[in-house]
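Heads up: the structure comes next, in structure tokens.
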Amino acid sequence: MSSIKFLGAVISLTFLMAVGFISPAVPDTARNDEVIVEAAWARASIGTSRPSAAYLTIRNEGDETDVLTSLKASVSEVAEVHAMTMTDGVARMGPAGAVKLPAGHEVVLKPGGLHVMLMNLKQPLKEGEKFTLTLTFKGAGPIDVSVPVLGIGASGPVQ
Amino acid sequence: MPTWKLLLIGCGLALAISTSLLFGWWQVDGPGAPERKARESKLPLPIGQMDFALTDHKGNRVQATDWLGEPLLVFFGFTYCPDICPTTLADITGWLESLGDDTKHINVAFITVDPERDTAEAMAVYIENFHPAIAGYTGSSQDIADAAAGFKVKYERIVTGQTYTMNHTAGVFVYDAEGRFVSIIDFHESRENAVPKIRRALER
């Protein structure tokens, strides 16, 4: 990043902070090099027998494609990206495999699309609590993000 | 009158009679019959033509026809579904909240496609997280198959390692108070689209 670009980023960030758009202690945003993970949240679970889902946005601000190769959650034995697909009105769900992050793009995991399946929960996900999700990228390496748990009936963080 | 004329009239009459008989059969019992048309079409049947019973989340046995008299929303899913089912039930909750008092007289049915795991008790605990108008329904595998056939819903069990998930039709069916099918609200349809569809059913 050129120094002018960097200065520009610092100034705009300071401005945004000053006007209150972003708080300096955003707990659910994490970055490593050029990969940023943000806006993470998960649905509360009923007990531990049912799987739960987590959602987040990954931005690749680098110049090269990166790949999300694996996930690890503190609350479940298994965490993997699944995709929901719709054919003739029938919803199907299955592992999405490694998620590609083209340079300069963002991948949004949201209800009804890609989501992190949290399977074999070690503890119930309770509304208001947080857990740590580690996303490992081929280029950027591991990134820890704090995931707030919202209600079962939540569709995302309240805007 | 010459014989050939009589013969011609006779033939014409016979043709007319057999044509109307054929037409009548076509419309009443044949491929043109409304019931048969409904059964063979991909559209859900009217509630009045459905013949199944389910167990609600309170443990009561109910007939499909018990829904008649009030508009009805129906969604098939299962409680082990982490993504699309809670999303749809949250959407339905949002639609009902937008409709406000109009939803005092509406039935909302969440029918499981996974009766093995979704007992009446499991449904009761699950639906507590959504709008109070939403009722949960389960039953035997046959009950669920019969209900799904009425709504033309498809579902299948997919084994994944030691557990399984379900593929299933994901739209929300909208019926008016007389049990006539009004429309389907597809997944991903906005609230701006969904609410008028429900209003249409409420106003019919």
How many residues does the stretch A:72-104 contain that are within 14 Å of chain B (Cβ to nearest Cβ), surrounded by 15 or more Cβ atoms within 10 Å (Cβ to Cβ) and either part of a loop (DSSP other than H, G, I, E, B) or among the β-branched types (V, I, T) (or both)?
5
Looking at this structure, is A:V107 away from chain B (no Cβ under 14 Å), at pLDDT 95 or above and within 27 Å of B:A170 (Cβ to Cβ)?
yes
Given the conditions (1) more than 16 Å from A:T136 (Cβ to Cβ); (2) within 11 Å of chain B (Cβ to nearest Cβ); (3) not in a loop (DSSP other than H, G, I, E, B), every one holds for A:G112 apart from (3)
Picking from A:T69, A:T57, the residue that is of a type in the set (V, I, T) and either touching a Lys or Arg at 6+ places or on another chain (Cβ under 7 Å) or outside any strand (DSSP E or B) (or both) would be A:T69
If I go through the stretch B:70-114 residue by residue, how many of them are in contact with a His (Cβ under 9 Å, 6 or more places away or on another chain), in a loop (DSSP other than H, G, I, E, B) and away from every other protein chain (no Cβ under 14 Å)?
2
Residue within the stretch B:172-189 that is in contact with an Asp or Glu (Cβ under 9 Å, 6 or more places away or on another chain) and exposed (fewer than 14 other Cβ atoms within 10 Å of the Cβ) present:
no
Taking the stretch A:46-55 and keeping residues buried (at least 18 other Cβ atoms within 10 Å of the Cβ) and either of a type in the set (G, A, S) or on the phi > 0 side of the Ramachandran plot (or both) leaves A:S52, A:A53, A:A54
Restricting attention to the stretch A:115-159, which residues are outside any strand (DSSP E or B) and among the β-branched types (V, I, T)?
A:I152, A:V158
Of all residues being under 25 Å from B:D118 (Cα atoms) and of a type in the set (S, T, N, Q) in the stretch A:40-63, which is farthest from the other protein chains (Cβ to nearest Cβ)? Just the residue, please.
A:T48
Looking only at helices (runs of 4 or more DSSP H) that lie completely in the stretch B:115-204, which have at least 3 residues being within 11 Å of another protein chain (Cβ to nearest Cβ)?
B:120-127
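The values are calculated or read from the model by the stated rules, or taken from the named source; none is laboratory data. This is a predicted model, so every value here is computed, not measured. Cβ sites come from the backbone with ideal geometry, for glycine too, and all protein chains shown count toward neighbours.
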